[in-house]
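FYI, it's all coordinate maths here, none of it is from the lab. Bear in mind that the values here come from a model prediction, so they are computed numbers and not experimental data. Heads up, the Cβs are rebuilt from the backbone with ideal geometry, glycines too, and the neighbour counts pull from every protein chain shown.
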Amino acid sequence: VASEVEATVNQVLLKFGGKPIGRLPQLFEADASFVSTLAILDPYRAVRKRRADGPLPPVLPDPATGQGSGVFAYLSPGVAVPDHLVETLSQLGPELAVYAPALSDGQKAALASAGCDCLQRPLDIARDLKSFALAMHYGVGGTSSMALLAGVPQLALSLDIEKDLNGRALQDAGCGKLIMLHRAGTKVEARLIREMAGDAHLGAHAREVAR
């Protein structure tokens, strides 16, 4: 991935008469930069000369009030959902609303029969995330940022090292937990999900961080 990014950057630089870079970190040697991530999620914050500028979402999410209930799970498209995760989610029953385009027909049927709300369209996160007590996702930066801004606790089910960084940042900030789902034999327990959703202290802290 890094080599592809470097090649794309060099194509743009050459197009505008610039000199190509020899290694990706040279991107940070520019005269000006705009780091579009929240400081909490910035893995380079300890060495950065100035704080990250923050993301530029089209609209800021409505803030959580502490009245949210249930769990929202967003499982990104393009990644097969493990059967053991579906089994865990089905145990949540009506407590769960899930948007997961990669679910198989059999997995959707299993969740629906358990009483879970399998959403056919993406949730309007900016408007509706505040209605939930917990957000579950694969540790993607965009969802992590929106939930942080909304003040909703998060459970990051990381699928790779990059997502580990986001999940660990959330955990270190006291706004959620990280489970490295990419590690062999790692599973998620419904008990943990329910405990997080019902943790008033966790919710209050997430809302405080959002302020």
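Key figures for this structure:
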item: Cross-link reach list, aspartates and glutamates versus LYS49, counting only Cα pairs under 16 Å and skipping chain neighbours closer than eight places; result: GLU29, ASP31
item: Separation of the ARG183 and LYS19 label points, Cα + 7 Å toward Cβ, nm; result: 4.4
item: For segment 118-179, convex hull volume per residue from C-alpha positions, Å³; result: 85
item: Efficiency of FRET between SER36 and ASP117 - r from beta-carbon atoms, R0 30 angstrom, step 0.05; result: 0.40
item: Length gained when the stretch ARG45-HIS84 is fully extended (0.36 nm per residue, less Cα-Cα span); result: 10.5 nm
item: Theoretical gain in end-to-end length, VAL5 to LEU192 [0.36 nm per residue, Cα-Cα removed]; result: 63.6 nm
item: Helix-derived mean residue ellipticity, 222 nm - over the chain, DSSP H n ≥ 4, -39500 (n - 2.57), to 500; result: -10500 deg cm²/dmol
item: Computed E for LEU60/PHE28 - FRET, C-beta separation, R0 22 angstrom, nearest 0.05; result: 0.20
item: Euclidean distance between Cα centres, segment 9-51 to segment 135-211, Å; result: 27
item: Equivalent ellipsoid dimensions for segment 87-211 as semi-axes, Å, which come from the Cα gyration tensor, largest first; result: 22, 17, 14
item: Reachable lysines from LYS130, criterion Cα separation under 30 angstrom, eight or more residues apart if same chain; result: LYS108, LYS163, LYS177, LYS187
item: Crossing angle, helix 161-172 versus the chain [Cα axis fit, 0-90 degrees, rounded to tens]; result: 70
item: Two-decimal Rg/Rh across the chain, once Rg and the Kirkwood Rh are taken from alpha-carbon atoms; result: 1.02
